[in-house]
Amino acid sequence: MKGTPWSDGVPGVTQQPIEPYGSFTYKFKATQYGSYWYHAHFRGQIEDGLYGPIVIHPRPGDPKPFHLISDDPETIHALEEAERNVVPLVIADFTHITSSAKWDMSVAAGVEDSCYDSILFNGKGSVQCLPADEITSLLNEGQKGLLAIAPGSSFTDKAALLPGTFEGCEETKGQVEVIKPSCEDDEWIAIDIVGAINFVTGVVSIDEHDMWVYAMDGSYIEPQKVQAIVVANGDRYSVLVKLEKAGDFKIRMNAVSAPQMISGHAILSVGGASGYGDSDPYVNYVGVPLTKDVVFFNQNTAFPYPPDPISPTADALFHLSMKIDGASYLWALNSSRLMPIDLDAGQPVLFNPDFDEHNNITLSTKFNTWVDLVFFASVFPQPPHPIHKHGTKMYQIGSGTGPFKWDSVEEAIKEIPDQFNLVNPPRRDAFTSLPATDDVTWVVVRYHASNPGRDR
Ligand SMILES: [Cu+2]
């Protein structure tokens, strides 16, 4: 949104909410390329299905990392052709009640309803139900720990934690999304995996196929050959897949987040097959690899391509302390809750910046400076948080356990150099903070304040 910050779409921050039956046209110049998406930013409206993919193609001549996948010119040509025909695969966790009904229920119960009915792929999917004995056998240590806190509770057949609220899983026969190469004899297909997810973090895999991850959050990386990617909300992973055999192969999303066992799939159909025959998975129902050879995508080695040097020092550092505030579904940054009740009504912050308001969650920075943000999980236990940033990308430069007790990253590096990467850190617009299990934790991101506000 360079030059058009009012088209960023955040009620209370860049615009007032759009009235029912009203309209607002978002106009912007596409200055980046890659895999992006749009979604409602008003309360839980994204859960009601207001989202979709955006594909912005690079200019001819923009440097691509495909020679790191193969040095054969014909293969590189095929990879470029596949990228031109990239297929978005938007994954979402879906519930059969509206977001506002769900919110009211959570408030009434005093506990977040974090259970979904199905996983959708480009809007298609079905409800799957697990028998109770299978749920019990698939429980991980974390889930067993949660159940131990509340004696008498169990994972229900919708695999939720609260008895009496979530029972009654009924399977449905919805449509299945089928992904095919644009030509039947294509040797490669490119897929933009878009995590349009509300709550579920899951493992994405394609049965019997490697994925070459060549871009993360819309930016090229040094490609990684993997069989599984952990996808959280907001994440995008662009993958190239070699099509070597005909058949139907499941593209799976298997939840690994604590509250619910849920899974869904689309189909990669190769060579004209679409009978939805069985294929061999890499992971089980709860995302655990079935053999020790399964390679997971590693964000720490997702080096930007071409190299994208960052400033070795920052001009400012801000602390953003994260904690539960009052109820399991209420979170706060620096003691200010998300979505204060008057946020929708007032002047958007973009047009009325008041830096004393909202307990320092409005951060003032100077144009063309480098800024460090410390995301501090200040109480434990605390789950990992999906963080995303508008306006500019950020580089995840360090993380650790315990309090962040330094005034700058430079000082921290003197003591714990191994916990920082200032050379080629992952470049993201969405990431997941460290869980705080037995202690507080922190993650530091650095970004260049290169996207001015409304006055430029
Ligand atoms: Cu946002």
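Listing for the model above:
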read-out: Pro307 vs. criteria over 22 Å from the mean Cα position of the chain (by Cα) and open to solvent by 10 Å² or more (accessible area, probe 1.4 Å); value: yes
read-out: Boolean, Ile69 is within 16 Å of the ligand (Cβ to nearest atom), in contact with a Phe, Trp or Tyr (Cβ under 7 Å, 6 or more places away or on another chain) and among the β-branched types (Val, Ile, Thr); value: no
read-out: Any hit, the stretch 178-188, residues being open to solvent by 40 Å² or more (accessible area, probe 1.4 Å) and under 22 Å from Val286 (Cβ atoms); value: no
read-out: Flag for Gly3 being in contact with a Lys or Arg (Cβ under 8 Å, 6 or more places away or on another chain), open to solvent by less than 60 Å² (accessible area, probe 1.4 Å) and more than 16 Å from the ligand (Cβ to nearest atom); value: yes
read-out: Number of the exception - Gly277 against (1) within 27 Å of Asp117 (Cβ to Cβ); (2) buried (at least 22 other Cβ atoms within 10 Å of the Cβ); value: (2)
read-out: Where a residue in the stretch 7-33 is touching a residue at least 40 places away in the same chain (Cβ under 8 Å) and under 17 Å from Gly453 (Cβ atoms) and its partner, wherever it lies, is among the polar types (S, T, N, Q) and within 16 Å of the ligand (Cβ to nearest atom), with Cβ under 7 Å and at least six apart; value: Asp8/Thr14
read-out: Flag if Pro11 is within 16 Å of the ligand (Cβ to nearest atom), open to solvent by less than 50 Å² (accessible area, probe 1.4 Å) and over 19 Å from the mean Cα position of the chain (by Cα); value: yes
read-out: Residues being touching an Asp or Glu at 6+ places or on another chain (Cβ under 7 Å), of a type outside the set (A, V, I, L, M) and assigned to a strand (DSSP E or B) - total across the stretch 74-106; value: 2
read-out: Selection status of Leu68, of a type in the set (A, V, I, L, M, F, W, C), within 30 Å of Thr31 (Cα to Cα) and open to solvent by 20 Å² or more (accessible area, probe 1.4 Å); value: yes
read-out: Filter result (of a type outside the set (Asp, Glu) and open to solvent by 60 Å² or more (accessible area, probe 1.4 Å)) within the stretch 78-110; value: Arg84, Asn85, Phe94, His96, Ile97, Thr98, Ser100, Trp103, Met105, Val107, Ala108, Ala109
read-out: Residue that is farthest from Ile191 (Cα to Cα) [pool: residues in the stretch 16-58 that are within 13 Å of the ligand (Cβ to nearest atom) and outside any loop (DSSP other than H, G, I, E, B)]; value: Gln45
read-out: Residues located in the stretch 45-74, provided they are among the β-branched types (Val, Ile, Thr) and in contact (Cβ under 8 Å) with a residue 40 or more places away in the chain; value: Ile46, Val55, Ile56, Ile69
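Conditions (1) closer than 23 Å to Leu79 by Cβ; (2) among the hydrophobic types (A, V, I, L, M, F, W, C), marked per residue:
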| position | (1), (2) |
| --- | --- |
| Ile262 | no, yes |
| Val270 | yes, yes |
| Asp280 | no, no |
| Gly287 | no, no |
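The values are calculated or read from the model by the stated rules, or taken from the named source; none is laboratory data. Values in this document were obtained by computation on a predicted structure and should not be read as measured data. Glycine gets a Cβ as well: all are built from the backbone with ideal geometry, and neighbour counts include every protein chain shown. Only protein heavy atoms, including side chains, enter the accessible area calculation; ligands, DNA and RNA are left aside. Shrake-Rupley method; radii C 1.70, N 1.55, O 1.52, S 1.80 Å.
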